[in-house]
Amino acid sequence: MKRTLGFILLMLVVAVAAVAVAAKDKAVTKDTKMGGTAPEWSMNATAIEACSCSMFCQCYFNTQPAGHAGHEGHEAQHFCRFNMAYKVNQGVYKGAKLDGAKFWIYGDLGGDFSKGQMDWAVTTFDKSTTKEQRDAIVAILPHLFPVKWSSFTTAEGDVEWVPGKDAAYATLDGGKTAEVRLTRFQGMTNDAVVIDNLKYWGAPRNDGFVLMPNSIEAVRTGDKPFEFKGGNGFMITVDINSNNAPPAAGM
């Protein structure tokens, strides 16, 4: 009886191991079927993001951002001024591990991006990131954002990144350079309100837009500072690699 029980337990262990291997092989196949080989680079990252548009940002459905009231006697201006604070969950590029790297992108999409031309953006690397990580992120971003920018520059700063179910916030240089604060949108239950099956830029996969309107989103440096309250905000985790990414565009 003991030998029979032992044999059954051994078979169960073997079966579980076989299922695990099959699942892993299936995942690898999913990521490699386009190129036939393992990806040369990959990035899974979570963003705390906000912009000047009302909830939910119409830029994901249109080629022109929301209109904003101009001064008396002037027509409404169209722009999408944004803050995107990222933390890499897992990633690799040419042997450089990206896990834990933080970076921040702020800027303005402009008034018309029907031809894939955006206005300006600044990417700020957290001071803790290495040169290899910064080079990797600069190489990956044109795939994640396959658009062209009239101006695209880089900087260095202190990125604080604090996620949460009910609230999330991120600051750049303690808020002196930029700040984003989000609060969970109350749905019918206490679960997060999530928009699924909506593409995020060039990323082929994401876990959904977790809606969290901003209490403030601001840039407080340079010659184009801005500040907005009560507009669009969300958290999202995106996944992209060299096998499934769109062609890079000029940043």
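Evaluate the following for Gly208: is it touching a Pro at 6+ places or on another chain (Cβ under 8 Å) and within 23 Å of Pro65 (Cα to Cα)?
no
For residues that are at pLDDT below 95 and closer than 21 Å to Pro142 by Cα, tally how many sit in the range 41-60.
2
Tell me which residues, restricted to the range 107-160, are among the aliphatic types (A, V, I, L, M), more than 17 Å from Arg220 (Cα to Cα), outside any loop (DSSP other than H, G, I, E, B) and within 16 Å of the chain's Cα centre (by Cα).
Those that are among the aliphatic types (A, V, I, L, M), more than 17 Å from Arg220 (Cα to Cα), outside any loop (DSSP other than H, G, I, E, B) and within 16 Å of the chain's Cα centre (by Cα): Ala136, Ile137, Val138, Ala139, Ile140, Leu141, Leu144.
With (1) in contact with a strand residue (DSSP E or B) (Cβ under 8 Å, 6 or more places away or on another chain); (2) under 19 Å from Arg81 (Cα atoms) as the list, and Lys115 as the residue in question, which single condition is left unmet?
The number of the failed condition is (1).
Within the range 83-92, does at least one residue satisfy the condition of being more than 19 Å from the chain's Cα centre (by Cα) and assigned by TED's automatic domain parsing to the domain that holds Ile48?
For the range 83-92, residues more than 19 Å from the chain's Cα centre (by Cα) and assigned by TED's automatic domain parsing to the domain that holds Ile48: absent.
I need the full set of residues from the range 202-230 which are free of Cβ contacts under 8 Å to residues at least 60 places away in the same chain, among the charged types (D, E, K, R) and in contact with a strand residue (DSSP E or B) (Cβ under 8 Å, 6 or more places away or on another chain), in order please.
The answer is Arg205, Asp207, Arg220, Glu227, Lys229.
May I ask you to verify whether Lys127 is at pLDDT below 95, in the same structural domain as Ala45 (by TED's automatic domain parsing) and among the basic types (Lys, Arg)?
no
Could you grab me the full set of residues in the range 129-159 that are over 14 Å from Gly202 (Cβ atoms) and surrounded by fewer than 17 Cβ atoms within 10 Å (Cβ to Cβ)?
Residues satisfying the conditions are Thr130, Lys131, Glu132, Asp135, Val138, Ser150, Ser151, Thr153, Thr154, Ala155, Glu156, Asp158.
With outside any strand (DSSP E or B) and modelled with pLDDT of 95 or more as the only criterion, which of Gly73, Gly100 stands out?
That would be Gly100, the only listed residue that is outside any strand (DSSP E or B) and modelled with pLDDT of 95 or more.
Could you check Gly95 against (1) modelled with pLDDT under 95; (2) within 20 Å of the chain's Cα centre (by Cα); (3) small (Gly, Ala, Ser) and say which number it fails?
Just one mismatch for Gly95, condition (2).
The values are calculated or read from the model by the stated rules, or taken from the named source; none is laboratory data. Note that the structure is predicted; figures quoted are calculated from it, not measured. Heads up, the Cβs are rebuilt from the backbone with ideal geometry, glycines too, and the neighbour counts pull from every protein chain shown.
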